[in-house]
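Colleague: Before anything else, here's the structure in question.
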Amino acid sequence: MAWLGFEHRQITCVTGSRSQASSSLRSPVLFTTCQYVLRAIPPANLKKGAQVALGQVRGDGGGGGDGGGGGGGVQINMDMYSKRLKALYGSWNENKESWGNVDAIAVVSAPSSEDLRYLKSSALHIWLLGYEFPETVMMFLPGQLHILCSQKKAQILDDLRKSSKKLTSVEVVLHSKARSDDGSTQMRSILDAVKTKTKGAPSVGVLPKEAPEGALMERWADMLNGYDYKLVDVSGGFSDVFAVKDESEITNIKKASFLSWSVLKNYVVPKLEVVIDEEKSITHAELMESTEEVIVDPSKAKVRLKAENVDICYPPVFQSGGTFDLKPSAVSDEEPLYYDAMGVIICAIGARYTSYCSNIARTYLIDADKVQEKAYKVLLKAHEAAINALRPGKSMSAVYKAALGIVEKEGPEFIPHLTKNAGTGIGIEFRESGLSLSAKNERTLRAGMVFNVVLGFHGLQAETSTDPKTRNFSLLLADTVIVQEKGPEIATGQCSKSFTDIAYSFKDEEEDEEREEKKPKVKAETNGAEAPGVRMATLRSDNQEMTKEELRRQNQAELARAKNEETARRLASGGSGAGDGGNSVKAGGEIVAYKDVNDIPTSRELMIQVDQKREAVLLPVYGLLVPFHIATVKSVTSQQDGGHCYIRIIFNVPGAGFGANDLPTQKFPRSIFVKEVSFRSSDVRHATQVVQLIKTMRRHVAQRESERAERATLVTQEKLQLSKGRPVRLSDLWIRPAFGGRGRKMSGSLEAHTNGFRYSTMKQDERVDIMYRNIKHAFFQPAEKEMITLLHFHLHNFIMVGTKKTKDVQFYVEVMEVVQTLGGNRRSMYDPDEIEEEQQERDRRNKINKEFEVFVKRLAELWDQPPWREMDMEFDIPFRELGFHGVPNKSSAFIVPTVNCLVELVETPFLVITLNDIEIVNLERVGLGQKAFDMAIVFKDFKRDVMRIDAIPSQSLDGIKEWLNSMNIKYYESRMNLNWRPILKTILDDPEKFIDDGGWEFLNMEGSDSDSEKSEESDEGYEPSDAEEPSEESEDDSDDESVVESDDEEEEDEDSEEEEGLTWDELEAKAKREDKEKGDESDSEDERKRRKAKAAGKSRAPEVRKDSRGMQNKRPKVRR
């Protein structure tokens, strides 16, 4: 120790990688000689007064230079010690059979070792004292605890000697020995105390599975055998004590589990995806080493745990290529990772936090065949059944029986391959003896127990493969599960094990069917040496090769069957999706201007008055001022004539179509209501002022009631909890929809707090809170070809932004400044100023995109922590390469898919369609010669209007069909637009008939073409919007239109052909004749001029051209 600058120091063992045959921090171990230290902590990191409790170093190590003061600053957690020592003695006294009715319990710890091993003696030290004390003898007697150790350890344990009797009623007797002493004298003293405390021949509990190791253990074994005591195995007793964990132990296990699943999800899975995608070659051992480095350095897995507190439970296990071992002793070999078609990859990771273990195992399938898929789904159900059976009061055998029952029901052929148990207890020991989840273990489950639930199929074979690397496969699943009173809690459940998340497909979806029909003539021999497309091609003969369109049709046919079955089940259960057909408006309260007659203001002059405070208009009627609430006023007008002003007030009356707030007929059904009143005033100025006041007050009240009605339908949101520290912030943002009101618009800042966002500007009333739980979809769209970079939130429930009710809130920054060039001169592309401006624009765009990206990454880290982790929140980034142009509303926009949605976030109103809400998609106006087509999106909620995206260029048709097929969305094609409202109404009115008629197959253009006439006549509910086919002349003009032209437009085209060559006078005469025939001759000349002027305002009048002789050119007039 002299090289550290002092002679006596307690060193914490810290090591590097397991692959270098060394051991990382398994527990704080105290040493007295330097020969056990693998890598010492530098003196600069050793702080005075550091504390260690429950296996966790609080501080950076050691104590004082002389080691005095109870171990030089290293302290035993006395509260933990007293609590757990009482639990140990309580179990010993109450469950004597578990302890073999022994009179004493002897526990001897082995010397320190670099090997990774789990000893119950070490577990006892860590559980009881927070440290592992190598080469120490502990003898538990009724009322006494004898400890034999070195002098240095005795100094540390001196606090126990002083306080134990008072805290636990158990006296601690320390027996220290010098380094040169073999301890025989002290051992003899302890063994004599056993004889003194008991009557007759004593029985001593021991741990026989821990073989004597080192001089001290061997000497103790000889001395114990010399006393001829009866030795009894008490491993079961210690297992009972360790089985139920307290809060601090469960916290440590949760942290260890968090590290395990984080490493698997954030490092291992992305690493495997890169290796497979880029077809790299890597061995199982190399994967094991790199994964171990991430575990011992949690920051690499985006985990904020101190590296000195973590370690591995075992070297990570990676298996593939037909050779599998599901035993806990399995290791990663030097074989390369195999990820060709039908490959199986097993990953198992165990991490420890302050000596408490956790475990997780997942199986990943590459282009799985039917046998592999079925086996995994059965195993998944069995694993979930086993976890669900972990409830207090049940027997441990019920867990395995629950899993076995699922296998017997779902896949009896897999029973011989099922593992013999469903896991074991886990804690300080990776496998706690006596807590095996086997069919024969009848011990009772208790709240606080923790289990490593492991289930697998071993030795399965894929019948469709002859390659041993894919023919032989095994499956394994493991999770760390905490038994709670309310039900099992899966500590590692955040890493998904559903089939859709673990199954990877790098080939055509129909290849499995082809392989079943005919075995491939040529087999791929390389392990990822060729591109996926080439490798797939080698698995087929020339006669078996299929086009993308054929594969797509086959998949769509399968989707059609599945979709019809799903729709039939939903309609049969009485559900047509959520939705009530509209929001109900809460009726307002009773309209009262004055509660009492005495409250009406009096005035000597009988003039119209406006009481803005009471929101009433006082009208003079028969010498009295009669109040009318402003809500009863429908309109007010004024007109001046001959020095007088006439005021006309029209009221809301029954049958006039007023709102739900104006229903006096409900209270006074037989009353007579005033419809209107008129006044004449000689005071023109006063009359004008009164009319203006009434209009202003009516507008304000109507706006207020509208806002109140909007807010009445809002769902109450939780209150925003502001962050205690500095929140994640993004500044200088604009919001859409914008705040209302007048004045200059201001940018604001977006802050991420504990449970939601807050956007605010410098104005106090401009503030919006968005709760995380209310976010349904979050999008981040960097500026590429757009002018803005944006964050968009699509919400579950409406919120108010200013005075606007919305489900979509967007925050954006313009990446380009609007620049107006003075002068009409065109600038050269080589102009230095032009080049500099373009560079500045690129820099600004990159800077803003980077700021948004950093903000999104920090939010992803926040949402990856409890409790938001369970909500699986993340930002979607649109895939521009899959986008297409279309008209979702009134203007053309660029629509792009994301992982979960189809969105358009630049133009307003925004378009956000959740893919899971889509029932089917119908591609309309699809045919040869068409320049554009339409997309009709039918939702699972049949009460919801069909969403139309019109005028999509025909060049995007194949890409859209490919995308829909890849997302497993059923689509149909039709040659004309359909009127969807009567179609959906027909389905809802008679769902049984819809199902009997084949469901959505009436949209199948290929199936209906052969008998189109009959289908058009019989399916009245499914008729298109126009009964007649468009003429050949109008088809060319309608390619870019989203709807079929009306009859009027067709007649216009016909008229234009007939009118070719007529003069303007002739055209006018013809128009008059047609008007007369239609019965318009009664219209006055002024009325016809007014209609003509109105039409001229909508379309520009044709220009009159003259030829060389000064005569007008003959040009047809298009009449509208």
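Colleague: Which residue out of S474, S498 is loosely packed, with under 15 Cβ neighbours inside 10 Å and either in contact (Cβ under 8 Å) with a residue 24 or more places away in the chain or touching a Cys at 6+ places or on another chain (Cβ under 8 Å) (or both)?
Modeller: S498 is the lone residue from the list that is loosely packed, with under 15 Cβ neighbours inside 10 Å and either in contact (Cβ under 8 Å) with a residue 24 or more places away in the chain or touching a Cys at 6+ places or on another chain (Cβ under 8 Å) (or both).
Colleague: Additional query: Based on this model, can you work out whether L915 counts as surrounded by fewer than 19 Cβ atoms within 10 Å (Cβ to Cβ), within 17 Å of Q781 (Cα to Cα) and of a type in the set (A, V, I, L, M)?
Modeller: no
Colleague: From the set of residues in the stretch 631-656 that are touching an Asp or Glu at 6+ places or on another chain (Cβ under 8 Å) and outside any helix (DSSP H, G or I), which is modelled with the lowest pLDDT?
Modeller: The qualifying residue modelled with the lowest pLDDT is N652.
Colleague: Can you confirm whether R726 is open to solvent by 100 Å² or more (accessible area, probe 1.4 Å), at pLDDT below 90 and in a helix (DSSP H, G or I)?
Modeller: no
Colleague: Looking for whichever is closer than 18 Å to L476 by Cα, assigned to a helix (DSSP H, G or I), of a type in the set (A, V, I, L, M) and touching a helix residue (DSSP H, G or I) at 6+ places or on another chain (Cβ under 6 Å) here; the options are I415, I387. Which one fits?
Modeller: Being closer than 18 Å to L476 by Cα, assigned to a helix (DSSP H, G or I), of a type in the set (A, V, I, L, M) and touching a helix residue (DSSP H, G or I) at 6+ places or on another chain (Cβ under 6 Å) holds for just one of I415, I387, which is I415.
Colleague: Additional query: Kindly indicate the residue of the stretch 121-147 that is open to solvent by 20 Å² or more (accessible area, probe 1.4 Å) and out of contact with any Cys (no Cβ under 9 Å at 6 or more places or on another chain) and also modelled with the lowest pLDDT among those meeting that condition.
Modeller: Among residues in the stretch 121-147 that are open to solvent by 20 Å² or more (accessible area, probe 1.4 Å) and out of contact with any Cys (no Cβ under 9 Å at 6 or more places or on another chain), the one modelled with the lowest pLDDT is E132.
Colleague: With the condition kept exactly as written, say whether any residue in the stretch 880-891 is among the aliphatic types (A, V, I, L, M), under 22 Å from the mean Cα position of the chain (by Cα), open to solvent by less than 80 Å² (accessible area, probe 1.4 Å) and farther than 30 Å from I490 by Cβ.
Modeller: Looking for residues that are among the aliphatic types (A, V, I, L, M), under 22 Å from the mean Cα position of the chain (by Cα), open to solvent by less than 80 Å² (accessible area, probe 1.4 Å) and farther than 30 Å from I490 by Cβ, one finds none in the stretch 880-891, hence no.
Colleague: Kindly evaluate L85 against the criterion of being surrounded by fewer than 22 Cβ atoms within 10 Å (Cβ to Cβ) and under 20 Å from A221 (Cα atoms).
Modeller: So L85 does not fit the description; no.
Colleague: Go through (1) more than 29 Å from L905 (Cβ to Cβ); (2) in a helix (DSSP H, G or I); (3) more than 34 Å from the chain's Cα centre (by Cα) one by one and return the number of the condition S706 breaks.
Modeller: (1)
Colleague: In the stretch 163-173, what residues are within 22 Å of V194 (Cα to Cα) and open to solvent by 40 Å² or more (accessible area, probe 1.4 Å)?
Modeller: The answer is K165, S169, E171.
Colleague: Here is a list of conditions, (1) open to solvent by less than 50 Å² (accessible area, probe 1.4 Å); (2) within 24 Å of C313 (Cβ to Cβ); (3) more than 28 Å from the chain's Cα centre (by Cα), and S397 meets all of them except one; can you say which number that is?
Modeller: It fails just one condition, (2).
The values are calculated or read from the model by the stated rules, or taken from the named source; none is laboratory data. Predicted, not measured: the structure shown is a model, and the values here were computed from it. With ideal geometry, Cβ positions are generated from the backbone for all residues, glycine too; neighbour counts draw on all protein chains shown. Remember, those area values only see protein heavy atoms, side chains included, never the ligands or the DNA or RNA. Shrake-Rupley method; radii C 1.70, N 1.55, O 1.52, S 1.80 Å.
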